[in-house]
Structure formats: C-alpha cells, structure tokens
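What follows is one structure encoded as structure tokens, with my remarks underneath.
The values are calculated or read from the model by the stated rules, or taken from the named source; none is laboratory data. Source: prediction; values computed, not measured. No Cβ is skipped: glycine too gets one built from the backbone with ideal geometry, and neighbour counts run over all protein chains shown. Protein only, heavy atoms only, side chains kept; ligands, DNA and RNA dropped before computing areas. Shrake-Rupley method; radii C 1.70, N 1.55, O 1.52, S 1.80 Å.
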Amino acid sequence: MLCSRANSRFARSILKKSIYSLLKSANSELSLGCPLHPSRDLFRQQEQVKDMSYQSGWVCGYCGKWFYEEHFLDQHFDNRHSDVLDTVVNATCLDDYCDILGCDLARLQDTSILKGNHIWWKNALCRPTEMMNIQNRCLQIAKECSPPGSSYVRDIIAGNICSRLTCKNYWNREDVDPVKEAYKLAFDILFGILITLALFTYYMFTLGYVLSLANYNINLWIKARNRAVLQSNRFQYNPTYNADSRWQREAVDKFMV
C-alpha cells in the first residue's frame, strides 16, 4: 500500500502544532501503542536527515547528494534509501489519518486563489453522519494514545482534534475563515477583470494612435509627391518659362503653396 509523502508531511505539521508541542511543554508524551507516536512515523527518519542549508537546495543526509527541490529529494529517498523504511517498528502512514487531522486545510494554504471556493463547497456538501464516524474514530485513537492512569493526552487530542470534526466546526479554524476567503476570491476575480480591461483599453488606444500617426505620415508623403509631380510638369510643359523672370518665379511659388 502506497503512502503519500506530501499528505504525511501535512499531517506531521498539524501534529507538531496541535499535539506534540503541547505535550512537550507539559512534560508528557503519547503512549507507545499510539499510532500517532513520532517513533512510528514511516517517513520520520528520512525527514530528519533532510538538510536545506546548502546553496538554497536540499541535501540528502545519507549520501550528501544535492537537489534543487524537495520533491526530487523525496524521489531519491524512494529510489536509493527505501531500506530505511523497513527499520521503523510498527510503522504508521500518517496519510491514513488525514481525514481526522484535516490535511486538506493545510494543503489549501498554498492555493489561496481557489481556497475560498473550495472551502465553501466542502462546507456545503458536508455529511453529518460521515463526520460523526470520523469523530468517533478520533476519540478511539485519543484513548489509545493516552498513557494508563492519565487523561491529559486524551483531553488534548479530543479538544484540539476531535472537537473540530463536525460540519459546523471543521472549517472554524484560526487560519481559515470561509466568508473571508470567499470575499477574497471574489476580489481576486474582480481585480483580474479590471486589469484585463485596463490592458485592453491601453492596447486599443496605442493601436489607434499608431494607425493615425501612420496615416498622417502617409498623407504628408502623398502631398509632397504630388507637389513634386506638379512642379516637374510645370517646368516641362511651359516652353516660355524663364527661370530669370521674377514674375514667373512668383507664380511658381504661389502655385507650390
């Protein structure tokens, strides 16, 4: 069964913010049987050896090979260092818990242009029965992750994760506001339309100016050519023309004006 590295990365980020950091500050930890325990994370070891401090790239901690993007380093892990995954005891694919952790919300952080519309549809099409089943699964995991004789871990997971698994509260996060995102989406669309109209107007104005200038220059050239032809004909077919005659020069000047 394939496990998505990208989704697991989103899930890991949510766990660090919502659970791991709180448990660390309280000097508490998850039980070893908890599927969300860091030691059971399938990709945890490979993620820990990633180094991005070298020339704004990513370096493999196993062999020192450099990569321009993290995606290619992930592929390198799959091709060259997949044996590391076999050393994880009772490995857990965090991608399997994305429905509980809300990975889709974290994924939307980098797609703000579609975020508001996506959230609106997700909220409108939410199924209460399905969300209740996910919440019950979350509460069961909270019990598994709680050490014997302590309810603190269970309360942390239930309060920070499970309580949000309802159609009303799922999108009610600090970093997600459906109404705000919908307005932002409408503003982005309107702004794009206005920019397009402004560029089109500027293009048409510039095109009209260039064409009018070209026509003006063409008319000047035609007038100059016609004057040259008339002058040539005047000199050619007037046998009495005398360049030294003052009245003839004046007549030519008047004719050429």
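Consider segment 50-71 and keep the residues that are farther than 23 Å from Asp83 by Cβ and of a type in the set (Phe, Trp, Tyr). The one that is modelled with the highest pLDDT is Tyr68. Quick one: count up the residues across segment 189-214 that are open to solvent by less than 90 Å² (accessible area, probe 1.4 Å) and over 34 Å from the mean Cα position of the chain (by Cα). Residues flagged as open to solvent by less than 90 Å² (accessible area, probe 1.4 Å) and over 34 Å from the mean Cα position of the chain (by Cα) within segment 189-214 amount to 6. All of (1) modelled with pLDDT under 65; (2) open to solvent by 50 Å² or more (accessible area, probe 1.4 Å) hold for Pro178 with one exception: (2). Pairs are defined by a Cβ separation below 6 Å, a sequence spacing of at least 6 or placement on different chains, a first member in segment 151-173 that is free of Cβ contacts under 8 Å to residues at least 40 places away in the same chain and on the phi < 0 side of the Ramachandran plot, and a second member that is in a loop (DSSP other than H, G, I, E, B) and crowded, with 20+ Cβ neighbours inside 10 Å; the pairs so defined are Arg154/Ser146. Hey, can you tell me all the residues within segment 88-127 that are of a type outside the set (A, V, I, L, M, F, W, C) and at pLDDT 85 or above? Within segment 88-127, Asn90, Thr92, Asp95, Asp96, Tyr97, Asp99, Gly102, Arg127 qualify.
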